[in-house]
1. For the stretch 69-155, list the strands (runs of 3 or more DSSP E) that sit wholly inside it and hold at least 2 residues that are at pLDDT 95 or above and away from ligand 2 (no atom under 16 Å from the Cβ); which are they?
2. In this structure, does ALA82 turn out to be under 24 Å from VAL325 (Cα atoms) and open to solvent by less than 30 Å² (accessible area, probe 1.4 Å)?
3. Check the stretch 238-253 and report whether any residue there is open to solvent by less than 10 Å² (accessible area, probe 1.4 Å), within 16 Å of ligand 1 (Cβ to nearest atom) and either under 22 Å from VAL17 (Cα atoms) or within 11 Å of the chain's Cα centre (by Cα) (or both).
4. Evaluate the stretch 282-292: report whether one residue or more is open to solvent by 10 Å² or more (accessible area, probe 1.4 Å), among the polar types (S, T, N, Q), away from ligand 2 (no atom under 16 Å from the Cβ) and in contact with an Asp or Glu (Cβ under 8 Å, 6 or more places away or on another chain).
5. Of all residues in the stretch 164-179, which are touching a helix residue (DSSP H, G or I) at 6+ places or on another chain (Cβ under 6 Å) and either of a type in the set (S, T, N, Q) or part of a loop (DSSP other than H, G, I, E, B) (or both)?
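The values are calculated or read from the model by the stated rules, or taken from the named source; none is laboratory data. Just so it is clear, the model here is predicted, and its values are computed rather than measured. Glycine gets a Cβ as well: all are built from the backbone with ideal geometry, and neighbour counts include every protein chain shown. These accessible areas exclude ligands, DNA and RNA; they are computed on the full protein's heavy atoms, side chains included. Shrake-Rupley method; radii C 1.70, N 1.55, O 1.52, S 1.80 Å.
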Amino acid sequence: MTKRLLLLPGDGIGPEVTAQARRVAERLADLGRLDLAIEERPFGGAAYEAQGAPLPAATLEAALASDAVLMGAVGGPKWAAAPRDLRPEAGLLGLRRAMQVFANLRPAICFAPLADASTLKREVVAGLDLMIVRELTGGVYFGEPRGIATLPNGQRRGVDTQVYTTGEIERVARVAFVLARARRNLVTSCEKSNVMESGLLWREVVSDLHAREFSDVRLEHMLADNAAMQLVRAPTQFDVILTDNLFGDLLSDEAAQLTGSIGLLPSAALGAPGRPGLYEPIHGSAPDIAGQGVANPVAAILSLEMALRWSLGRPDLADRLSAAVSRALAAGARTRDLGGALTTAQMGEAVLAAL
Ligand code: IPM
Ligand code: MG
């Protein structure tokens, strides 16, 4: 059966890193007898420029018809002044919403040969292997009302709404509990139930679901500000961190830095079973190094690894790919972000050689 992989290279270093992921995908398809149809579509600022919209209708259609979508990166200073609903970020939020990918898996793993690349001490980050499960299609990112209005007294007033329903909390919490069972069996649920109503509901719903269906999993509740501190104090205490859209955005950037390079970390956004997943590196479009061929393609390549595991039905090839990446790193393959001198293409070749 043919599996369809849609590439959305996007902006900045996005096209450079997805080109390497594509080479790896083609090689793996050959090696593993995977019937893979790869397509590319415009997305983000590039699509805004070419077609006047960051998420063209044909791109969305192709995404919904695929098995997995692998995105590079979107955004950049070039589009800072574009109308808000036409900015690259709006395209990304629109894609997440349309694909209904409510559970965002963001691993933070400290690869043994890179334990000294973190700004934290080796003994704090060595052995780190945590997974953030971020709610991705609700909360303050999408809540209504929102907007900026001018008041009668001339002042302006900006509003965003943090809102969650029982169903939205339960479906993402379920993903976290199921993942934990296959890991170290611990879920740390983070919110601000001490000040926020939606946080209080979050805690109650997670506790109820835990009691009903997942009492074999250890559940801890932690206030999100404390979680931010614990992540730099003792990050290896965590296994699965379950949190909302905004706190997940912040905590996942913090967790990424623990590992030494944001250039290594992939992510997966999953919806209901059988629906296509959206895969993307955690890093952004890095306009400062775009076009130089020096970006690290490993995050994009590991995003392909997650796609093989969660959407393309080939966990065996995912295992093979992740072993190849580890071997390439252990053998000393390093792009500039890791203190090395390999180009983007050479790093891709190092992974291909390890495969
Ligand atoms: C992320 C990014 C996005 C977000 C931006 C680009 C809209 O920071 O994926 O973490 O805030 O979700
Ligand atoms: Mg972010």
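1. Working: elements: 103-109, 129-135, 147-150.
Of the strands (runs of 3 or more DSSP E) lying wholly inside the stretch 69-155, those with at least 2 residues that are at pLDDT 95 or above and away from ligand 2 (no atom under 16 Å from the Cβ) span 129-135, 147-150.
2. no
3. Checking the stretch 238-253: at least one residue is open to solvent by less than 10 Å² (accessible area, probe 1.4 Å), within 16 Å of ligand 1 (Cβ to nearest atom) and either under 22 Å from VAL17 (Cα atoms) or within 11 Å of the chain's Cα centre (by Cα) (or both).
4. No - not one qualifying residue is present in the stretch 282-292.
5. In the first step, residues of the stretch 164-179 are kept if they are touching a helix residue (DSSP H, G or I) at 6+ places or on another chain (Cβ under 6 Å); the result is 164, 166, 169-170, 173.
Result: TYR164, THR166.
Conditions (1) among the polar types (S, T, N, Q); (2) open to solvent by less than 50 Å² (accessible area, probe 1.4 Å), marked per residue:
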{"position": "VAL125", "(1), (2)": "no, yes"}
{"position": "LEU130", "(1), (2)": "no, yes"}
{"position": "ARG134", "(1), (2)": "no, yes"}
{"position": "THR137", "(1), (2)": "yes, yes"}
{"position": "GLY158", "(1), (2)": "no, no"}
{"position": "THR161", "(1), (2)": "yes, yes"}
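Yes/no matrix, rows are residues, columns are (1) over 19 Å from GLU61 (Cα atoms); (2) more than 16 Å from ligand 1 (Cβ to nearest atom); (3) under 16 Å from the mean Cα position of the chain (by Cα); (4) of a type outside the set (Lys, Arg):
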position: ARG87; (1), (2), (3), (4): yes, no, no, no
position: ALA90; (1), (2), (3), (4): no, no, no, yes
position: LEU105; (1), (2), (3), (4): yes, no, yes, yes
position: PHE111; (1), (2), (3), (4): yes, yes, no, yes
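Quick grid of which residues meet (1) among the charged types (D, E, K, R); (2) open to solvent by 40 Å² or more (accessible area, probe 1.4 Å); (3) in a helix (DSSP H, G or I):
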site	(1), (2), (3)
VAL17	no, no, yes
ARG23	yes, yes, yes
TYR48	no, yes, yes
THR59	no, no, yes
ALA62	no, no, yes
